[in-house]
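Everything on this sheet refers to the single structure shown next.
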Amino acid sequence: MERKAITSEMLGVKPTMGLAKTKISADRISAEFETSLESALPFGVYRVREQSAADYFGVSRTVIRELLSRFQDRGLVHKNIKSHWVIGPLTARDIEHYFAIRCSLEPLALRESAPHISSKELDGYLQHAQDKADKPCDLTSDEIASLEDDLHVRILSHTPNWHLTRMINQCQVALSLNKVFSEIIGTRPFFLSLTEHCIILEFMKRNSINAAADALQEHLKLSADRTRERLMAFSVFPAPKLPPYLYPM
């Protein structure tokens with residue numbers, strides 16, 4: 001007798017149904033889950049317990065694994081030798097290495113992205129930066145994060161070289177550190193960085209792409225120094241209250 005494999009269609013289930021449900025659940029909790037991991041990043045080493053996280057958010061472990069895999073692609077979490085999900089430690093040497101890579105790759109991505117960015121989109125980024133630079137004391141940490149994403153994520157994502165984008169994303173964990181810092185200290189320390197953003201975008205607006213790439217490289221070098229100082233400052237801050245799925249190691 002010929003054996004036939006049982007398919008999802010025979011059972012009346014669409015093959016994409018489970019994947020779609022997982023994606024919806026992951027998208028629903030992604031922001032809160034990511035924020036909690038970012039909050040732990042500067043304060044030591046923490047294990048992320050999958051089942052505890054699944055219970056906390058009321059989702060399956062599959063959803064938690066899906067999100068942790070996304071965060072791993074961004075360098076926010078990693079697996080240790082026991083295959084446990086871990087966040088941290090983030091050291092000054094890590095910052096040095098991350099920014100060394102970014103100083104090489106981000107200017108290249110900017111040059112490749114520039115021909116693919118519309119004038120309207122670029123005008124939006126420039127106006128956004130200029131408007132916020134005029135009121136640096138009124139910014140929120142979310143606004144700072146959005147401004148950082150304008151330059152370091154959205155603009156650079158226009159490069160047709162997705163391998164380049166992937167490598168850059170894996171080295172931008174410092175953006176998470178800066179977000180936590182701005183939530184604790186306030187956004188005033190980011191005024192200089194925002195001014196540098198405006199200079200880079202102005203060069204792009206004038207179609208001076210090489211000048212913009214050089215300005216971006218200089219901005220990243222200055223940002224590396226500022227980020228190392230911020231990391232040292234965390235040593236005097238008390239660790240925040242973290243959710244139960246983050247276990248100090």
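The values are calculated or read from the model by the stated rules, or taken from the named source; none is laboratory data. In this text the structure is predicted, and so the values were computed from the model without any measurement. Neighbour counts are summed over all protein chains in view; Cβ atoms, including those assigned to glycine, are modelled from backbone coordinates with ideal geometry. Surface accessibility is based on the protein's heavy atoms, side chains included, excluding ligands, DNA and RNA. Shrake-Rupley method; radii C 1.70, N 1.55, O 1.52, S 1.80 Å.
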Item to check | Where a label projected 7 Å from the Cα of T91 along Cα→Cβ would reach, residues of the range 228-249 with amide N under 15 Å | outcome: 232
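Given the pairs K79/K221; K179/K241; K132/K205; K82/K179; K135/K241; K132/K241, which span a C-alpha to C-alpha distance of over 24 angstrom in this model? Please list the in-between numbers first.
On the way: K79/K221 29 Å; K179/K241 17 Å; K132/K205 18 Å; K82/K179 30 Å; K135/K241 31 Å; K132/K241 31 Å.
Distance filter (> 24 Å) returns K79/K221; K82/K179; K135/K241; K132/K241.
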Next on the checklist: Averaging the inverse of every distinct alpha carbon separation and then flipping it gives the Kirkwood radius. What is it for the range 68-203, in angstrom units?
Outcome noted: 16.0 Å
Checklist entry - Suppose every K and R has +1 on its Cβ and every D and E has -1 on its Cβ; what is the size of the dipole of the chain about the Cα centre, in Debye to the nearest 20? => result 980 debye
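Taking a 1.4 Å probe, which of Y56, Y46 shows the most accessible area, and what order do the others take after it? Mind showing how you got there, number by number?
Values: Y56 110, Y46 20 Å².
Accessible-area ranking of Y56, Y46, largest first: Y56, Y46.
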Checklist entry - Using the alpha-carbon atoms, what tilt in degrees (0 to 90, nearest 10) does helix 191-205 show relative to the longest principal axis of the chain? => result 90 degrees
Item to check | Expected 222 nm ellipticity per residue - DSSP helices of 4 or more, -39500 (n - 2.57), all of the chain, to 500 | outcome: -20000 deg cm²/dmol
Checklist outcome for this item: Probe 1.4 Å, heavy atoms of protein chains only: per residue, the accessible area of the range 28-181 in Å² is 47 Å²
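If you build the Cα gyration tensor of the range 33-121 and take the root of 5 times each eigenvalue, what three semi-axes come out, in whole angstrom, biggest first? Let's see the in-between values first.
On the way: eigenvalues 188, 73, 24 Å².
Value: 31, 19, 11 Å, ordered largest first.
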Checklist entry - Of S69, S119, N80, which is farthest along the charge dipole of the range 66-148 in the positive direction, counting Lys and Arg as +1 and Asp and Glu as -1 at C-beta? => result N80
Checklist outcome for this item: Length gained, N161-D149, 0.36 nm per residue minus C-alpha separation, equals 2.5 nm
Checklist entry - Between Rg and the Kirkwood Rh of the range 33-83, both from Cα atoms, what is the Rg to Rh ratio? => result 0.94
Next on the checklist: Through the Karplus equation 6.51 cos²θ - 1.76 cosθ + 1.60, θ set to phi - 60°, convert the phi angles of the range 38-44 into ³J(HN,Hα) values in whole Hz; use x for Gly and Pro.
Outcome noted: 4, 5, 7, 3, x, 10, x
Item to check | Taking only Cα atoms of the range 156-222, radius of gyration then Dmax in Å | outcome: 13.7, 38
Item to check | Efficiency of FRET between D55 and I81 - r from beta-carbon atoms, R0 22 angstrom, step 0.05 | outcome: 0.30
Checklist entry - So what are the radius of gyration and Dmax for the Cα set of the chain, in Å? => result 20.7, 78
Item to check | In degrees, nearest ten, helix 61-73 long axis to first principal axis of the chain (Cα) | outcome: 30 degrees
Checklist entry - How much accessible area does H78 have with a 1.4 Å probe, in Å² rounded to the nearest 10? => result 80 Å²
